[in-house]
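Okay, so here's the structure we're looking at.
The values are calculated or read from the model by the stated rules, or taken from the named source; none is laboratory data. Just so it is clear, the model here is predicted, and its values are computed rather than measured. As a convention, Cβ positions derive from the backbone with ideal geometry for all residues, glycine included, and neighbour counts pool all protein chains shown.
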């Protein structure tokens, strides 16, 4: 196992993240602080970062409401941000 | 379906110790954890294999390696979604499975209490433990100018870790006036700190480091509001009275882009309550905790509870409780009489429980926290239920947490009330004067794919 960076697709755009990084950490490292919109229109990102609060969810490889803080990046992973399905 | 003599839920300090003790006693032992790497929050390991580990992370790695070396089977990325007194229903990735057990040690730890305050849903507001987790695991600080606020040792530890990073720590606010209250409880203070050299050293080193970096550290101060349109731009802070109520007129604005907030920890009793273990409300221990025997067995025979999920006590108490519970669980599973506590276990339990009493006296959540949310403040982050809607439900006759939940939907989102229900419970009890009853735990505890259940 090495630490070579991994490329994932966030809303179609490639970003690079260290191997082993969580999707939330990868998004935060790009300077993004919010990647979900609640039904009332409020922006949300990570809050507890340990998988408890479900604030940081996104659609990952087609699966909705995935907690990005406890999901590890994988090469070619497709992340769709935006909001509740 | 597979089976084990002993199953341990949670691979933090208590779970690692329990699994090792059970396996050493000759029981076939399975340790499950929701994360990829063992360690829990305290021993959280770096994601990068090449990064240097801290002393705490190194200790955690040794404990995990020791558990594996005595034959513990570790199942990472595996969460409990349902449980009975004889079976755990697990989900690994998208796959469900069932694990039968003769004895179980539940060591599910705790999650953070963050009081709802105006602006706390803005991006840039984090639980302090989140900032610590991102730092420990990903070597990442989610901001440039961080204000750390709340109560207990964690905010101090987080702030002290941040000063070596390319960020500015705008300040550390501790709600309790530590000097005043330690003098007020001299015996609890002296007893609690007896033989706690390492803890005192850590506190002192952290404080000195913060002061040397000119970080303002204030006790008797707290966060009252986060300011900003689409993310945090500043924080309103205020002096607090001994009940942690903001003192009118003392408010000040602190510029920051990130808030790390921590108002203590709440024992995670989901699995225990699903199994049916009796719980009692102990605000000094963080909330609802299981009733236990001296061998840490719950009201359900063969189901044990160890560590913070049975009352907030920290890693040192968790380690010795795990040791005791793991050995006792193995005895139960193998049909032996429980072994007596060793002299070392007795001494460690007594020492750490004295510290636990001091921690409770200084840092247990105080009534001022429930006054922070205003009528339009979101209390339930998932369902966006406001304080006003909760108050209205109580005024309309909802006298229990469960009734408030079912009339307002607060606590019914994907986090299942883990963040908001401790506060809702306090709001309801304060308004009605009715002693709280625990909310029923319901499966699935974590979301599981629909077809996964249909197949099983």
Determine whether residue B:303 is within 14 Å of another protein chain (Cβ to nearest Cβ), in contact (Cβ under 8 Å) with a residue 60 or more places away in the chain and closer than 30 Å to residue B:419 by Cβ.
-> no
Are there any strands (runs of 3 or more DSSP E) wholly within region B:83-188 with 2 or more residues that are within 29 Å of residue B:269 (Cβ to Cβ), and if so which?
-> B:87-92, B:95-106, B:110-112, B:125-127, B:145-150
Could you grab me the full set of residues in region B:371-391 that are in contact (Cβ under 8 Å) with a residue 60 or more places away in the chain, buried (at least 22 other Cβ atoms within 10 Å of the Cβ) and either under 30 Å from residue B:21 (Cα atoms) or away from chain A (no Cβ under 14 Å) (or both)?
-> B:372, B:373, B:387
Which listed residue, of B:177, B:199, B:144, B:218, is closer than 20 Å to residue B:368 by Cα and touching a residue at least 60 places away in the same chain (Cβ under 8 Å) = B:177
Turns out the strands (runs of 3 or more DSSP E) fully within region B:191-241 with at least 3 residues that are surrounded by fewer than 19 Cβ atoms within 10 Å (Cβ to Cβ) and within 14 Å of chain A (Cβ to nearest Cβ) are none
Unmet criterion (only one of (1) more than 19 Å from residue A:70 (Cα to Cα); (2) within 13 Å of another protein chain (Cβ to nearest Cβ); (3) at pLDDT 95 or above) for residue B:33 | (1)
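Condition check ((1) out of contact with any helix residue (DSSP H, G or I) (no Cβ under 6 Å at 6 or more places or on another chain); (2) in a helix (DSSP H, G or I)) across all residues:
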site	(1), (2)
B:318	no, yes
B:329	no, yes
B:346	yes, yes
B:354	no, yes
B:357	no, yes
B:370	no, yes
B:374	yes, no
B:399	no, no
For residue B:21, indicate whether it is touching a helix residue (DSSP H, G or I) at 6+ places or on another chain (Cβ under 6 Å) and not in a strand (DSSP E or B).
-> yes
State all residues of region A:73-85 that are at the interface with chain B (Cβ under 10 Å from one of its Cβ atoms) and out of contact with any strand residue (DSSP E or B) (no Cβ under 6 Å at 6 or more places or on another chain); if no residue qualifies, say none.
-> A:84
Evaluate the following for residue A:31: is it loosely packed, with under 13 Cβ neighbours inside 10 Å and more than 12 Å from every other protein chain (Cβ to nearest Cβ)?
-> no
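Residue-wise test of (1) closer than 30 Å to residue B:6 by Cα; (2) buried (at least 19 other Cβ atoms within 10 Å of the Cβ).
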site	(1), (2)
B:246	no, yes
B:258	no, yes
B:270	yes, yes
B:282	yes, no
B:287	yes, yes
B:297	yes, yes
B:305	yes, yes
B:329	yes, yes
Counting just the residues of region B:36-64 that are over 24 Å from residue A:71 (Cβ atoms) and more than 14 Å from every other protein chain (Cβ to nearest Cβ), which one comes out surrounded by the most Cβ atoms within 10 Å (Cβ to Cβ)?
-> B:63
Taking residue A:57 as the residue in question, decide whether it is within 11 Å of chain B (Cβ to nearest Cβ), without any contact (Cβ under 8 Å) to a residue 40 or more places away in the chain and either over 11 Å from the mean Cα position of the chain (by Cα) or surrounded by 19 or more Cβ atoms within 10 Å (Cβ to Cβ) (or both).
-> yes
